[in-house]
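Visitor: Below you will find the structure I want to go over with you.
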Amino acid sequence: MAPARGQFTILYHRAMRLDPVASNRGRTMSATPPTASDRPRQSTVRMEELLPHEWDAIRQHTPIVYWPHGLIEWHGEHLAIGNDAVKAEALCLRIAERYGGMVYPTSYFGLEFAVPFDPKYGRGGNISVHEELFRQIARRTYRQLGRAGFKVIVAITGHYPPEQPGLLKEEAEAVMRTARGPLKIWAMADYETVTDLDYTGDHAAKWETSILWHLRPDLVDMSQLPADPNVELWGVGGLDPREHASQRVGRDICEAIIDRVGQRALAMLGELG
C-alpha cells in the first residue's frame, strides 16, 4: 500500500535530512532556484519529456498519440539489434512533428517470433514476451491513453510476424468496443500504408536496412557485411541489402509512410467531430 500524500511528504523530507548527499543529487547548487528563462526548452513530441502544461496543450490541440513497438532481435551484422523499435519510434516522432500529437514511450515487449542471433554469439540474445503479457500491455495501455483524453491512438510495430500486428489490432477492437468516450485505435505494421510501393516487409534486407540507414545512419554499418555476394548472410530475409539497400530508398519510403499515416490519423480525428 502506498503512503498517503501527507505521509509521503513527511517520509520524503525525513529521508532528505538523513541523506544530505541524496538531497542535492541531480541539482545544480545555486542561491536561487532555476526559472524557465534559465532552462531553455526545446520543443519535443516525446510524452516522457513534456512538462504537464506542454502535455496538456498538445492533447487539447491534437489529441493523437503514437505508440511505437519492436523488440531486441537479431538484424544481421550491419543493423542495431533494436532495429524494429528504433525505426518505429523514429517514424512516429517524425509523424507527430509534422502532423501534431505526441509519441508514447516505445514498447520493446515484442512477441517471441524472432530470428535468432548468429550461433557464434552463443545462445539467446533476443528478448521477447509471451502472448498473454503482450495482450495485457496493449489492452491496458490503450485504455489508459483513452482515459487520459486521447481520441486517436496509432500503434506502429516495426516487428511484424503476423501475430504481433494481429494481436495489436485485436486488442484495439476490444478496447474501442468498451470505450466510454470517442476513441479510434489504428494498429499496424510499419509497411501497411505503402504496400503499393513494394514495401511489404522483410528482415534486415533491402527495406529494413534502407529505412534505418535513412532514419538512424549511426546505427548502420554496411562494412560489417562480407563484400563477396556469394557469402550468405545469417538471418537476413529479402533482397540482399549489399546490392539493393540505400539511404535514398529509405528516405523515399519513410516520407511516404510519414505522410500517409499522419494524414490518415488527422482524418480519423476529424471523423470523431
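Every read-out reported here was derived from the displayed coordinates using simple, explicitly stated rules and does not represent laboratory data. Computed from a predicted structure; not experimentally measured. As a convention, Cβ positions derive from the backbone with ideal geometry for all residues, glycine included, and neighbour counts pool all protein chains shown.
Visitor: Using the structure shown, decide if A187 is in contact with a Lys or Arg (Cβ under 8 Å, 6 or more places away or on another chain), surrounded by fewer than 14 Cβ atoms within 10 Å (Cβ to Cβ) and either within 20 Å of D84 (Cα to Cα) or of a type in the set (A, V, I, L, M) (or both).
Guide: So A187 does not fit the description; no.
Visitor: Does Q144 qualify as being among the polar types (S, T, N, Q), part of a helix (DSSP H, G or I) and crowded, with 22+ Cβ neighbours inside 10 Å?
Guide: No, not satisfied.
Visitor: Check L91, L79, L50 and return the single one that is surrounded by 21 or more Cβ atoms within 10 Å (Cβ to Cβ), touching a Ser or Thr at 6+ places or on another chain (Cβ under 7 Å) and not small (G, A, S).
Guide: Residue meeting the stated conditions: L79.
Visitor: Are any residues in the stretch 96-137 assigned to a helix (DSSP H, G or I) and free of Cβ contacts under 8 Å to residues at least 40 places away in the same chain, and if so, which ones?
Guide: Across the stretch 96-137, the qualifying residues are P119, K120, Y121, E131, E132, L133, F134, R135, Q136, I137.
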